[in-house]
């Protein structure tokens with residue numbers, strides 16, 4: 001009965017051999033990508049904000065809206081995503097302490113790896129919820145979020161920041177503050193960049 005099917009459980013060695021024979025590397029890569037996608041989806045639902053990179057033209061507008069001769073000591077980016085703005089801020093203001101906050105672990109990990117290549121001694125990348133972080137030492141705050149968190153963030157910044165601190169938001173405005181300056185970016189589907197001063 002040479003055609004009988006064995007009912008014995010395969011040994012660990014045999015199982016590993018089978019996996020290697022059938023492309024274990026591809027299977028592991030697929031599993032990592034799937035888990036990463038699920039993690040990003042989970043934190044997008046949890047925070048209401050996907051890790052969307054800023055359009056290059058929007059990024060240029062953001063930097064244009066920073067007041068001339070402004071010398072911030074501490075800069076925060078709230079929800080830094082993949083780190084494009086944070087790394088650029090750290091390069092532009094080497095004397096400032098730049099703190100990038102990101103709760104989603106996959107973008108946070110990408111930023112940590114990116115820092116190995118793009119060294120920024122003045123850049124801190126923290127895996128933290130910015131709504132639970134003390135921002136009181138911030139002179140300049142930047143965020144590119146969504147509509148839902150803006151009202152709560154507005155209240156937090158009024159409570160945390162000193163009057164006159166600069167806040168720049170991309171695409172989504174605060175519901176109750178009046179922007180000091182607004183710039184429309186046609187190349188980025190007419191996104192608007194807002195500059196605010198914390199009221200006193």
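Read the figures in this text as sums done on the coordinates, not as results from a lab. Computed from a predicted structure; not experimentally measured. Cβ sites come from the backbone with ideal geometry, for glycine too, and all protein chains shown count toward neighbours.
Averaging Cα coordinates gives a centre for the stretch 62-80 and one for the stretch 154-170; these two points are 12 Å apart. The alpha-carbon atoms of the stretch 56-197 define a convex hull whose volume equals 106 cubic angstrom per residue. Exposure proxy ranking for 70, 172, 63, 130, based on other Cβ atoms within 10 angstrom of each Cβ and starting from the fewest, stands as 70, 63, 172, 130. Neighbour counting of Cβ atoms within 10 Å sorts the residues 147, 167, fewest neighbours leading, into 147, 167. Arranged from fewest to most other beta-carbon atoms within 10 Å of their beta carbon, 66, 85 become 66, 85.
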